1. For region 108-124: of the residues being among the hydroxyl-bearing types (Ser, Thr, Tyr) and outside any strand (DSSP E or B), which is farthest from residue 89 (Cα to Cα)?
2. Residue 65 passes all but one of (1) under 17 Å from the mean Cα position of the chain (by Cα); (2) in a loop (DSSP other than H, G, I, E, B); which number fails?
Amino acid sequence: MHPQSAVGDNTPEMDSDVTVTTVPTLLRLSVGGVERQFQFLPGEKIQLGRSLASDLVAALPSVSREHATISAVGDGRLSIRDNGSACGTFVNGDLLPPNHEYLLRDGDVIRLGPDFEITAGYTHSAPEPVTVRLSGGGPVLPLRLTPGSEMMLGRIPDSPLFTVFGPFEMMSRNHASIGVTKDGQVWIRENAPAKAHGSTGTGSLRDAKFRSAAGIR
């Protein structure tokens with residue numbers, strides 16, 4: 001029963017039974033020409049790995065039992081995380097840092113270890129993330145950032161890339177930030193470099209913007 005309005009009160013009565021429906025995100029994973037479909041509501045995830053309990057089983061010795069996880073992270077977006085696998089998780093040939101949420105894009109080619117390849121397909125209404133590749137002469141570190149967002153690079157445990165930068169004592173806890181403007185421009189800013197050490201490869205960084213070019217798309 002709905003409450004009665006007071007006499008003379010012309011305020012429209014609100015319907016307390018209204019429900020909000022969330023449309024699930026549909027993910028298509030294709031392996032060897034065979035497609036499987038998964039639906040995600042916010043917070044849901046699936047497991048990829050050698051374990052028979054995985055949602056997508058990859059029965060190869062080079063694939064870890066709980067190799068990687070795909071999760072719904074909001075706004076209809078999906079991300080993939082390598083769970084510290086022995087042979088690594090790759091997206092479009094880039095090795096992902098372990099335990100880091102990497103946003104997926106439609107058409108991404110995921111590889112678990114050297115041999116198990118998956119093509120991912122899905123659509124969402126949010127702006128596409130921008131791919132940034134960082135390299136200091138060693139392996140390329142791939143990142144994906146949504147327009148208007150930024151990420152801290154440093155040794156502080158709260159950093160999403162702590163597993164990558166934690167061992168580098170020359171790096172400050174909150175060394176630098178990298179982000180993407182709403183119009184897709186990539187910028188990097190030095191925050192607090194360690195004593196006598198600037199940000200690797202550029203000396204002392206100042207606020208800078210980079211056009212979408214080699215290594216950025």
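Values in this text are rule-based calculations from the coordinates and carry no lab data. Computed from a predicted structure; not experimentally measured.
1. Per the criteria, the residue is 123.
2. All conditions are met except number (1).
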